[in-house]
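Below is one structure, written out as structure tokens; comments come after it.
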Amino acid sequence: MRFRVLAVGVRRLGAIAAIVAGAAIASANATPAAAGITAFKQAVAEAASDDRDIAAFYRENGFDAVWTGPGDAQRDRRSALLSAMEAAGMHGLPAGRYDTARLLHLLRDVRTPRDRGIAEVAMSRAFIRIARDMQSGVLDPASVDDGIKRKGTYRDATTYLTGLVTSDHPRAYFRTLLPQTREYTRLLREKIRLERLIGTEGWGPEVFAGALEPGATGPAVVALRDRLMAMGYLRRTSTMVYDANIEDAVRRFQAALGLEPDGKAGPGTLAEINKSPATRLALVLVAMERERWLNKERGARHILVNLTDFSARIIDNDRITFETRAVVGANSHDRRSPEFSDEMEHLVINPSWYVPRSITVNEYLPQLRANPGAAAHLRLIDGSGREISRAGVNFAAYNGNTFPYDLKQPPSRGNALGLVKFMFPNPYNIYLHDTPSKHLFNSARRAYSHGCIRLQQPFDFAYEILSRQEADPQAFFHRVLDTGLETQVNLEQKIPVHIIYRTAFSDARGEMHYRPDVYGRDARIWAALKQAGIESPALQLASLQIPEPQYFPTPQAAPVRSARQPAAQAPVRARVSQPEAQRTSRSPGQSTSSGGGMHVNQKLKRFGSNR
């Protein structure tokens with residue numbers, strides 16, 4: 001049987017490459033049509049038999065050809081698939097993963113209906129793989145770092161194939177698989193810009209100096225000037241002096257890098273200025289992969305916490321309505337804040353703090369063994385939730401495994417959770433909350449907590465959260481606060497919360513920002529992308545390091561100020577901790593969250609949708 005081959009032209013990033021896609025069509029004098037159809041369908045059934053979803057799709061469509069038929073629709077699908085495979089590298093996807101050469105070889109070698117059936121299923125397999133990578137990412141997030149609690153948007157093969165077949169424009173269908181966010185578009189634009197820079201001279205020579213300040217002169221100042229101009233922070237100038245223009249440019253650079261914008265090129269600033277375009281490109285490629293992991297509708301109103309930026313924002317229709325500084329988990333194995341998405345359901349005003357079990361036995365029990373009167377601000381609670389007098393407890397008789405009590409701090413201005421917490425119940429016992437340790441927000445890099453997210457302006461955050469259901473949210477909040485009672489305020493509409501980790505991101509003006517890889521997660525993702533076969537000029541040139549775990553001294557206690565002025569409130573005690581799981585001996589109706597949970601909230605006065 002003889003077959004003719006259709007050629008499909010595919011455009012490849014500025015160069016036209018004629019790629020032959022083998023679509024076999026029987027000639028007029030071929031074997032009888034019925035025999036050919038039967039052989040093709042049998043081959044499709046056999047080739048797809050080890051993939052339940054693909055096999056189900058072909059059974060449902062009567063084993064008709066999606067890719068290798070003679071019609072315009074099949075030709076358009078072939079062209080769209082091969083175009084997507086050829087353009088994979090542009091989107092930071094590992095082009096070698098799709099084995100385009102092998103697929104083309106199969107298509108070229110089609111001679112019989114059986115060959116065509118095998119090629120048909122091979123194209124479907126290639127399509128499913130690249131479609132999933134485009135939509136959900138190349139990597140499994142949790143396998144890279146256990147602090148990433150995300151899964152890409154998963155669709156079965158039948159859904160993808162049906163979506164393609166029912167689309168009148170296959171190329172447009174492929175485009176819909178990619179993240180449709182402005183952020184992804186900006187990251188792609190930055191990727192292309194950095195690749196061009198790497199192909200030339202980058203940003204010029206590095207700045208060899210320990211530190212530079214306004215008024216300085218010499219070769220290091222010239223190198224600083226040239227790099228700032230190449231990066232776009234300084235207009236063209238021939239000055240040889242660290243003048244006011246360079247000082248302003250350094251401030252803009254520092255702001256874009258999350259550094260203290262003092263206009264002085266200290267060691268930290270120079271270290272960032274000297275980083276190569278390749279290192280920045282690696283972060284952009286990682287951010288594109290992360291954008292694919294979060295490729296879903298985020299909510300017209302949502303809360304966005306970027307751990308590397310130490311910030312929390314309320315977003316309404318892609319615009320920042322409110323933002324505040326945040327403190328995130330410290331970089332140690334039991335304190336790093338996880339990444340995940342959930343929905344905020346309620347606030348707790350005047351919250352109690354239920355001390356996490358690990359902190360109870362590792363930090364407070366040793367103090368109580370030495371001095372039963374230690375940590376007097378905490379109450380001793382038994383398994384039934386009753387307060388127990390310390391006088392009758394021999395703390396020396398217990399260790400971390402046998403200690404039968406919990407610790408609780410009642411509501412107060414000095415409570416570790418401050419005066420309000422924002423709850424989005426989740427398996428990781430993470431939430432947003434106030435803190436008495438306000439001085440920590442003065443640091444540029446704020447990784448101090450046990451995992452939860454502390455807010456610098458929690459009252460203003462609460463006013464904005466409540467603005468959709470209260471005519472005067474500030475008055476309502478303080479009316480509840482002034483009771484001094486632990487009170488749950490339900491939200492009439494849940495608000496999506498996304499805790500993300502982006503070391504490369506853009507602002508509303510489209511300008512790029514970079515942040516430190518505080519937990520080393522992006523360095524791990526970069527290593528995994530390289531192992532997956534990503535192709536980039538950054539492969540050999542980028543330098544991403546995993547930082548060593550960090551341990552911070554306990555903050556010093558300070559006098560308490562008025563609860564009405566939370567932004568200026570001084571720290572009142574040393575301990576500010578993440579809620580973790582309580583002892584498993586709690587009754588089934590009780591929450592394991594140390595942030596309060598239903599064993600408290602069932603007894604609370606409530607406001608909101610069910611009041």
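Remark: accessible surface ordering of E272, E492, E464 (largest first) is E492, E464, E272, probe radius 1.4 Å. Take the range 120-201 with all the other protein chains still there, run a 1.4 Å probe, and you get 49 Å² of accessible area per residue.
Averaging over every viewing direction, what projected area does the convex hull of the Cα atoms of the range 169-243 cover, in nm²? Spelled out: convex hull of the Cα atoms, projected over all directions, averaged, 7.5 nm². Semi-axis lengths, largest first, of the ellipsoid equivalent to the range 312-441 are 33, 15, 14 Å, with √(5λ) applied to each eigenvalue of the Cα gyration tensor. To the nearest 0.05, what FRET efficiency results for S238 and S543 with a Förster distance of 35 Å applied to their C-beta separation? So, using R0 = 35 Å, E works out to roughly 0.65.
Using a probe radius of 1.4 angstrom, the carbon and sulfur fraction of the accessible surface of the range 26-147 is 51%. Here the range 92-237 is assigned +1 on the Cβ of each Lys and Arg and -1 on the Cβ of each Asp and Glu. Its dipole about the Cα centre then comes out at about 480 debye. Local charge for T321 was computed over the other residues whose Cβ lies under 9 Å away, with Lys and Arg +1 and Asp and Glu -1, and equals 0.
The modelled label-to-label distance for the pair A255/R319, using points 7 Å beyond Cα in the direction of Cβ, is 2.0 nm.
Subtracting the Cα-Cα distance of S443 and A508 from their residue separation scaled by 0.36 nm leaves 21.0 nm. The protection proxy used here, the mean number of other Cβ atoms lying within 10 Å of each residue, ranks peptides 382-393, 229-240, 182-193 as follows, highest first: 182-193, 229-240, 382-393.
So, counting K/R as plus one and D/E as minus one, what does the shell of residues with Cβ under 14 Å around I192 add up to?
Once all neighbours under 14 Å are counted, the net charge is +4.
D99 to I388: FRET efficiency via 1/(1 + (r/R0)^6), r the Cβ-Cβ distance, R0 60 Å, to the nearest 0.05?
That pair, D99 with I388, gives E of 0.35.
What the Cβ-Cβ distance of Q469 and K296 gives, at R0 = 25 Å and to the nearest 0.05, is a FRET efficiency of 0.45. Per-residue extension of 0.36 nm, minus the Cα-Cα distance of T159 and E247, leaves a gain of 26.1 nm for this segment. Protection proxy ranking, highest mean first, for peptides 276-289, 109-122, 196-209, 520-533: 276-289, 109-122, 520-533, 196-209, where packing is the per-residue count of other beta-carbon atoms within 10 Å, averaged. Placing pseudo-labels 7 Å out from each Cα toward the beta carbon at A211 and D262 gives an inter-label distance of 0.7 nm. Projecting the Cα atoms of G414, H433, Y463 onto the charge dipole of the range 322-475 (Cβ charges, centred on the Cα centre) puts G414 farthest toward the positive pole. In the range 409-532, carbon and sulfur make up what percent of the accessible area (probe 1.4 Å)? Exposed carbon and sulfur together represent 46 percent of the surface.
Here the gap between Q42 and A56, fully extended at 0.36 nm per residue and compared with their Cα-Cα distance, gives a gain of 3.6 nm.
The values are calculated or read from the model by the stated rules, or taken from the named source; none is laboratory data. These numbers were taken from a predicted model, which means no experiment stands behind them. Positions of Cβ are backbone-derived with ideal geometry, glycine not excepted, and every protein chain shown enters the neighbour counts. In case anyone asks, the SASA skips ligands and DNA or RNA and just uses the protein heavy atoms, side chains included. Shrake-Rupley method; radii C 1.70, N 1.55, O 1.52, S 1.80 Å.
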